[in-house]
Amino acid sequence: MPIKVGMVSLGCTKNQVDAEIMLSLITKQGYELCGDAKKCDVVIINTCGFIEDAKRESIENILEFVGLKEQGRVKVVVVTGCLAERYQMEVAKEIPEADVVLGIGSNSQIAQAIEKAMQGQKVYEFADKNKVILSGERVMTTAPYTAYLKVAEGCDNRCTYCAIPIIRGGFRSRPMEDVLAEAKTLAKNGVKELNVIAQDTTRYGKDIYGKLMLPELLDKLCEIEGLHWIRILYGYPDTITDELLDTMARQPQICKYIDIPLQHASGNILKRMNRRFDRESLTALMNRVREKIDGVTLRTTFITGFPGETEQDFEDLCVFIKEVQFDRLGCFPYSAEDGTPAAEFGEQVDDEVKRRRADIIMEEQMGIMEARNREKIGKTLEALVEGFDKKNKLYYGRTAADAPDIDGKVYFTSETALQAGDFVMVTIEDVIEYDLVGHTQEAN
């Protein structure tokens with residue numbers, strides 16, 4: 001009987017791509033993948049180690065499967081991903097029941113590590129993080145019509161709160177021919193929506209080619225047959241150039257959607273965060289994006305309770321959010337991360353204050369988003385069909401303004417039978433919180 005391997009992949013989409021590459025390496029060695037990790041011989045927990053809540057979730061998952069191992073239901077527990085890379089032998093020491101702990105630079109050894117563990121060996125390997133696999137065959141864990149395309153790894157921005165450079169290393173782009181070859185394979189296999197990702201996506205190519213190459217990459221991606229939507233996630237403000245915006249506006253396949261995590265708007269806090277801009281330049285950038293790209297969806301994230309954040313700093317942030325009226329927004333309480341400069345700063349903000357401030361912003365944003373969604377009532381928008389809700393007898397999917405897993409849905413009726421992955425035109429009739437409700441043009 002083949003050995004069954006299951007994986008629980010946590011955290012961001014970049015980590016998910018790593019997981020998909022590892023799953024491919026596992027299948028090539030004859031292991032059988034199993035969708036229910038609790039029914040497998042081997043379980044891989046591909047962890048996140050970015051912020052405290054993510055670390056807690058990772059540890060809880062590890063302990064859950066360690067418990068199943070003690071019951072004899074699982075034979076081998078493997079820990080990979082960012083938590084394993086960040087804490088390495090600390091994970092091995094604190095959770096000795098884990099049979100394998102691999103840093104991200106050792107992802108390529110996943111199949112060999114499982115084989116050793118099945119023979120009773122403990123495996124702890126932490127190769128240079130710069131050796132993390134950036135390309136290769138993948139076992140897709142997304143719906144067949146959508147995929148993530150990771151174009152770079154690591155980050156050079158050195159924001160004082162962020163552990164990404166510690167975990168993932170410096171910024172390094174994949175060669176363009178490598179990225180395009182993968183995109184063509186994905187399209188050939190039925191992917192219609194391509195989400196372009198990295199820790200700093202808009203810096204793509206600067207390290208290899210000496211200039212920002214995302215506009216050129218996007219133009220070439222638009223030439224690939226079968227790709228209907230191409231979306232850009234995780235841009236850094238100082239690399240949002242006019243050339244990039246012009247490319248987005250010109251190419252019909254590129255979703256008029258851009259995710260630019262700003263983190264704050266107070267000049268005082270931005271300086272302490274080592275972010276290279278101020279409120280005035282951010283306001284100018286947001287205005288420029290909207291001027292250049294008609295109907296663009298602007299998404300961002302903010303951090304509340306950063307060390308030294310005063311009530312005035314928080315008020316500045318609230319005013320900025322009200323002025324800009326972001327289409328999509330996430331807000332998170334500051335998490336002090338080991339090894340980052342901000343963790344050592346004075347003037348740490350009380351946890352309750354951090355959470356209260358985040359709640360205030362999200363409550364404000366709910367009103368903004370509902371108002372912006374209501375502007376869509378009566379309009380007809382293209383939607384990607386994701387499935388059918390049998391209980392409510394409605395199809396559901398997303399518009400180009402909604403990234404997978406993080407944004408809202410559109411629910412709609414259709415007289416014509418539809419399949420997941422179809423694109424349809426939906427006339428919007430109503431709004432329910434973050435979601436749209438409507439009907440296809442055939443269902444009048």
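Put simply, of Gly170, Gly154 the only residue that is within 30 Å of Gly305 (Cα to Cα) and out of contact with any Cys (no Cβ under 9 Å at 6 or more places or on another chain) is Gly154.
With in contact (Cβ under 8 Å) with a residue 12 or more places away in the chain and farther than 23 Å from Thr300 by Cα as the only criterion, which of Glu364, Glu370, Glu347 stands out? Result of the check over Glu364, Glu370, Glu347: Glu347. Against the criterion of being open to solvent by 70 Å² or more (accessible area, probe 1.4 Å) and under 28 Å from the mean Cα position of the chain (by Cα), Ile432 qualifies. In the stretch 1-13, the residues that are on the phi > 0 side of the Ramachandran plot form Cβ pairs under 6 Å with partners that are open to solvent by less than 40 Å² (accessible area, probe 1.4 Å) and part of a loop (DSSP other than H, G, I, E, B), at six or more places apart or across chains, as follows: Gly11/Cys48. Restricting attention to the stretch 1-59 and to residues that are open to solvent by less than 10 Å² (accessible area, probe 1.4 Å) and of a type in the set (S, T, N, Q), the residue that is farthest from Ala143 (Cα to Cα) turns out to be Ser58. When the stretch 79-113 is limited to residues that are of a type in the set (S, T, N, Q) and assigned to a helix (DSSP H, G or I), the one that is surrounded by the fewest Cβ atoms within 10 Å (Cβ to Cβ) turns out to be Gln112. Contact map, the stretch 174-185: first residue touching a residue at least 12 places away in the same chain (Cβ under 8 Å), second residue open to solvent by 50 Å² or more (accessible area, probe 1.4 Å) and in a helix (DSSP H, G or I), Cβ cut-off under 7 Å, separation 6 or more or different chains; pairs are Pro175/Ile208; Leu180/Lys220.
What number of residues within the stretch 409-422 are within 23 Å of the chain's Cα centre (by Cα) and either outside any loop (DSSP other than H, G, I, E, B) or crowded, with 18+ Cβ neighbours inside 10 Å (or both)?
Pass one, the stretch 409-422, residues within 23 Å of the chain's Cα centre (by Cα): 409-410, 420-421.
The next check asks that each one be either outside any loop (DSSP other than H, G, I, E, B) or crowded, with 18+ Cβ neighbours inside 10 Å (or both); those that pass are 409-410, 421.
Going through the stretch 409-422 one residue at a time, the tally reaches 3.
Of all residues in the stretch 24-64, count the ones that are of a type in the set (A, V, I, L, M, F, W, C), in a helix (DSSP H, G or I) and under 19 Å from the mean Cα position of the chain (by Cα). Step through it out loud before you land on a result.
Filtering the stretch 24-64 down to residues of a type in the set (A, V, I, L, M, F, W, C) leaves 25-26, 33-34, 37, 40, 42-45, 48, 50-51, 54, 59, 62-63.
Pick out the ones that are also in a helix (DSSP H, G or I) and you get 25-26, 37, 54, 59, 62-63.
Remaining after also requiring under 19 Å from the mean Cα position of the chain (by Cα): 54.
So the count comes out to 1.
Screening Lys379 with (1) touching a residue at least 60 places away in the same chain (Cβ under 8 Å); (2) surrounded by fewer than 15 Cβ atoms within 10 Å (Cβ to Cβ); (3) in contact with a strand residue (DSSP E or B) (Cβ under 7 Å, 6 or more places away or on another chain) gives one miss only, at (1). Does Ala383 satisfy the criteria of being in a loop (DSSP other than H, G, I, E, B) and among the small types (Gly, Ala, Ser)? Taking the combined requirement at face value, the residue does not satisfy it.
The values are calculated or read from the model by the stated rules, or taken from the named source; none is laboratory data. Remember, predicted model here, so these are calculated numbers, not experimental data. Backbone-built Cβ (ideal geometry, glycine too); neighbour counts: all protein chains shown. For the accessible areas, the whole protein counts, side chains as well, though only heavy atoms, and no ligand, DNA or RNA atoms are used. Shrake-Rupley method; radii C 1.70, N 1.55, O 1.52, S 1.80 Å.
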